[in-house]
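Student: Supplied in structure tokens, the structure appears directly below.
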């Protein structure tokens, strides 16, 4: 029997500005979901209101370096995002 295929992806840490209100948070989560869907990516929501830690992966394929670069661009375009840190691409199931 062969080993299961790895679920390659990366962890994204997002920190919002301290002055980000609830409506900002809701809008940013929706924007992040739209970004992920536009790239064919899936993610799980973890963290607090202003500190997110999302595992991100591609269903049926593999997330890669261009996806990491894209999340940096997404964060740079968001005025209420203080920082975005995509981790290295790796097997998310192995890291769990």
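Student: Once both axes come from the Cα atoms, what is the angle between helix 22-38 and the longest principal axis of the chain, in degrees from 0 to 90, rounded to 10?
Tutor: Tilt of helix 22-38: around 30 degrees.
Student: Report, in deg cm²/dmol and to the nearest 500, the calculated mean residue ellipticity at 222 nm for the chain, where each DSSP H run with n ≥ 4 adds -39500 (n - 2.57) and the sum is divided by the residue count.
Tutor: -10500 deg cm²/dmol
Student: Calculate how steeply helix 65-76 sits against the longest principal axis of the alpha-carbon atoms of the chain, using the helix alpha-carbon long axis, and give the answer as 0 to 90 degrees to the nearest 10.
Tutor: Taking the Cα atoms of the chain, the angle to 65-76 is about 10 degrees.
Student: Also, quick follow-up: Label residue 49 and residue 66 with points 7 Å out from Cα along Cα→Cβ: what is the distance between them in nm?
Tutor: 3.8 nm
Coordinate-derived values only; no laboratory data. Predicted model, so just to flag it, every value in this text is computed and none were measured. Heads up, the Cβs are rebuilt from the backbone with ideal geometry, glycines too, and the neighbour counts pull from every protein chain shown.
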